[in-house]
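J.: This is the structure, below, for whatever I ask next.
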Amino acid sequence: MTDIILFHYPRPPFSARVLYYLAFRGIPYDQCIQPQILPRPDLARLGIRYRRIPLLSISRDVYLDSPLILRTLERIEGAKPPFAATSTPEQRALEQLLAKLTLETGLFRNIVQILLPNTPLMHNEAFMKDRLDMIGGGPGMDFADFVLAGRPGAILEVKNTFEFLETTLLADGRQWLAKTEAPGLADIEMVWPLHWLISVPGALPEEHISSHLFPKVFAWIDRFQKAFGEAQKALRAPETLSGERVAELLEGAAAEESKDVVDASDPLVQASGLLKGQVVQLWPTDSGARHKTVGRLLGLTDKEITIETFEGDVSVRVHAPRRAFQVAALPSEKAHLS
Ligand SMILES: N[C@@H](CCC(=O)N[C@@H](CS)C(=O)NCC(=O)O)C(=O)O
């Protein structure tokens with residue numbers, strides 16, 4: 001048992017980012033496996049309505065969104081030093097730019113549009129309805145139509161991403177993207193959507209994207225997966241915990257409350273008058289925006305929002321990054337304060 005618990009389900013691409021990170025740093029963790037579609041009672045028990053995967057808890061603190069999860073894990077001790085301790089400013093810049101490419105452009109959506117039509121999920125009504133809700137679609141919109149309409153353009157975009165790596169970073173025969181000795185954060189930030197695409201049987205449009213057309217990229221993905229397999233073998237296998245057990249563990253866990261600050265000079269705090277202790281709702285603005293987690297505001301800085309939940313059986317401290325997340329007073333609270 002450790003006090004790190006990863007909430008995920010098998011083979012989701014965003015969780016792969018966290019699994020890679022934990023393995024390469026040698027950080028042991030346990031896991032709480034979630035259903036692929038809603039409802040997720042294990043999270044409801046903690047008062048969390050956020051609907052995306054993965055989440056990661058460290059003691060009574062639950063972190064949302066894989067970039068914040070990785071940033072938080074950089075502060076945790078592992079068998080290996082944090083990546084930031086060993087990278088140069090150029091390598092740090094490359095990591096952050098590659099993260100922008102995979103997380104902040106249409107790359108992930110394009111990959112979904114390529115691979116989903118070739119999987120049985122495309123014919124799974126409950127799954128398609130669930131994901132339509134996640135992207136904010138309503139009656140009259142069809143998720144299958146949305147996926148199929150964008151597919152030709154998506155193939156082109158993703159092919160261009162393979163070409164970018166083949167003809168720039170990997171062109172000189174280097175092993176790892178930032179010329180590190182071992183797989184580094186730059187590799188983690190870039191590899192996950194590409195590996196997801198090529199690992200789903202039958203998903204790849206081989207006339208456009210193949211090991212024949214992009215040998216260096218395919219060899220790098222393969223090298224990365226082998227190194228990941230080795231790193232995983234060296235790590236203790238995670239224990240799988242039930243949601244009830246997780247709730248028990250989190251209820252009794254410690255938290256560093258003294259560090260919570262609501263920064264009065266933050267533009268959002270200045271504009272909205274948000275106060276520490278106020279009841280707020282917190283939600284992602286890019287996808288899954290209808291699922292707003294309610295809690296008391298504990299902290300708000302330029303990097304992170306922290307709230308304490310009270311809607312479940314157990315109260316936890318939920319952390320979200322500022323990028324692509326919003327926090328606001330509950331409408332009823334606003335009325336009460338004015
Ligand atoms: N920005 C989020 C995106 C997470 C995300 O979209 N995850 C997918 C699964 S890989 C998801 O939550 N799908 C809907 C669901 O599982 O409910 C992150 O980096 O963690």
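J.: Of the residues in segment 200-229, how many are free of Cβ contacts under 8 Å to residues at least 60 places away in the same chain and under 26 Å from GLN34 (Cα atoms)?
T.: Going through segment 200-229 one residue at a time, the tally reaches 3.
J.: As an exercise: evaluate ARG75 against (1) over 26 Å from LEU43 (Cα atoms); (2) without any contact (Cβ under 8 Å) to a residue 40 or more places away in the chain and give the number of the one condition it does not meet.
T.: Checking ARG75 against (1) over 26 Å from LEU43 (Cα atoms); (2) without any contact (Cβ under 8 Å) to a residue 40 or more places away in the chain, the one that fails is (1).
J.: Collect the residues in segment 113-138 that are assigned to a helix (DSSP H, G or I) and out of contact with any helix residue (DSSP H, G or I) (no Cβ under 7 Å at 6 or more places or on another chain), keeping them in residue-number order.
T.: ASN118, PRO120, HIS123, GLU125, ALA126, LYS129, ASP130, ASP133, MET134
J.: Further question on the same structure: Name every residue in segment 44-60 that is touching a residue at least 60 places away in the same chain (Cβ under 8 Å) and either assigned by TED's automatic domain parsing to the domain that holds LEU298 or touching a helix residue (DSSP H, G or I) at 6+ places or on another chain (Cβ under 8 Å) (or both), in order of residue number.
T.: Answer for segment 44-60, where residues must be touching a residue at least 60 places away in the same chain (Cβ under 8 Å) and either assigned by TED's automatic domain parsing to the domain that holds LEU298 or touching a helix residue (DSSP H, G or I) at 6+ places or on another chain (Cβ under 8 Å) (or both): ARG45, LEU46, ARG49, TYR50, ARG51, ARG52, SER57, SER59, ARG60.
J.: Among the listed residues LEU274, LEU241, which satisfies the condition of being closer than 24 Å to PRO35 by Cβ and open to solvent by less than 30 Å² (accessible area, probe 1.4 Å)?
T.: From the options LEU274, LEU241, the qualifying one is LEU241.
J.: Report, by residue number, each residue of segment 100-123 that is under 22 Å from LEU185 (Cα atoms), of a type in the set (Val, Ile, Thr) and more than 15 Å from the chain's Cα centre (by Cα).
T.: Result: ILE111, single match.
J.: Return yes when ARG51 is basic (Lys, Arg) and either over 26 Å from GLU256 (Cα atoms) or within 14 Å of the ligand (Cβ to nearest atom) (or both) and no when it is not.
T.: yes
J.: Also, I was wondering about something else. Here's a check for you: in segment 1-48, which residue that is within 16 Å of the ligand (Cβ to nearest atom) and charged (D, E, K, R) is surrounded by the fewest Cβ atoms within 10 Å (Cβ to Cβ)?
T.: ARG11
J.: Mind telling me which of the residues ARG131, ARG174 ends up being among the charged types (D, E, K, R) and loosely packed, with under 14 Cβ neighbours inside 10 Å?
T.: Just a single option satisfies the conditions, and that option is ARG174.
J.: On to the next question. Taking the criterion of being open to solvent by less than 40 Å² (accessible area, probe 1.4 Å), modelled with pLDDT of 95 or more and closer than 13 Å to ILE4 by Cα, would at least one residue in segment 80-87 satisfy it?
T.: Within segment 80-87, not a single residue is open to solvent by less than 40 Å² (accessible area, probe 1.4 Å), modelled with pLDDT of 95 or more and closer than 13 Å to ILE4 by Cα.
J.: Does segment 115-122 contain at least one residue that is within 24 Å of ASP65 (Cα to Cα), in contact with a Lys or Arg (Cβ under 7 Å, 6 or more places away or on another chain) and hydrophobic (A, V, I, L, M, F, W, C)?
T.: no
J.: Please list, ordered by first then second residue, the pairs with beta carbon atoms under 7 Å, 6 or more apart or interchain, first in segment 250-279 and closer than 24 Å to LEU55 by Cβ and among the hydrophobic types (A, V, I, L, M, F, W, C), second open to solvent by 90 Å² or more (accessible area, probe 1.4 Å) and modelled with pLDDT of 95 or more.
T.: If the second residue must be open to solvent by 90 Å² or more (accessible area, probe 1.4 Å) and modelled with pLDDT of 95 or more, the pairs left are VAL262/LEU275; VAL262/LYS276; VAL279/ARG296.
J.: Consider GLU77 against the criteria (1) open to solvent by 50 Å² or more (accessible area, probe 1.4 Å); (2) within 16 Å of the ligand (Cβ to nearest atom); (3) not assigned by TED's automatic domain parsing to the domain that holds LEU170: it satisfies all of them except one. Which criterion is unmet?
T.: Failing condition for GLU77: (2).
J.: I'm told ALA85 meets every condition in (1) away from the ligand (no atom under 15 Å from the Cβ); (2) in a loop (DSSP other than H, G, I, E, B) except one. Can you identify the failing condition by its number?
T.: (2)
J.: On to the next question. Mind checking whether some residue in segment 158-172 is in contact with a Cys (Cβ under 9 Å, 6 or more places away or on another chain), farther than 24 Å from GLY288 by Cβ and at pLDDT 95 or above?
T.: No, because not a single residue in segment 158-172 is in contact with a Cys (Cβ under 9 Å, 6 or more places away or on another chain), farther than 24 Å from GLY288 by Cβ and at pLDDT 95 or above.
J.: While we're here: Tally the residues that are of a type in the set (D, E, K, R) and within 16 Å of the ligand (Cβ to nearest atom), restricting the search to segment 276-316.
T.: Residues that pass the stated criteria total 5.
J.: Here is a further query. For segment 247-287, how many residues meet the condition of being under 26 Å from GLY138 (Cα atoms) and either in contact with a strand residue (DSSP E or B) (Cβ under 7 Å, 6 or more places away or on another chain) or at pLDDT 95 or above (or both)?
T.: Counting residues in segment 247-287 that are under 26 Å from GLY138 (Cα atoms) and either in contact with a strand residue (DSSP E or B) (Cβ under 7 Å, 6 or more places away or on another chain) or at pLDDT 95 or above (or both) gives 6.
J.: Let me ask something additional. Looking at segment 88-99, is at least one residue open to solvent by 40 Å² or more (accessible area, probe 1.4 Å), within 12 Å of the ligand (Cβ to nearest atom) and under 21 Å from HIS195 (Cα atoms)?
T.: No; the residues of segment 88-99 include none that is open to solvent by 40 Å² or more (accessible area, probe 1.4 Å), within 12 Å of the ligand (Cβ to nearest atom) and under 21 Å from HIS195 (Cα atoms).
The values are calculated or read from the model by the stated rules, or taken from the named source; none is laboratory data. This one's a predicted model, so the numbers in the text were calculated from it and none came from an experiment. We place every Cβ from the backbone using ideal geometry, glycine too, and count neighbours over all the protein chains shown. Only protein heavy atoms, including side chains, enter the accessible area calculation; ligands, DNA and RNA are left aside. Shrake-Rupley method; radii C 1.70, N 1.55, O 1.52, S 1.80 Å.
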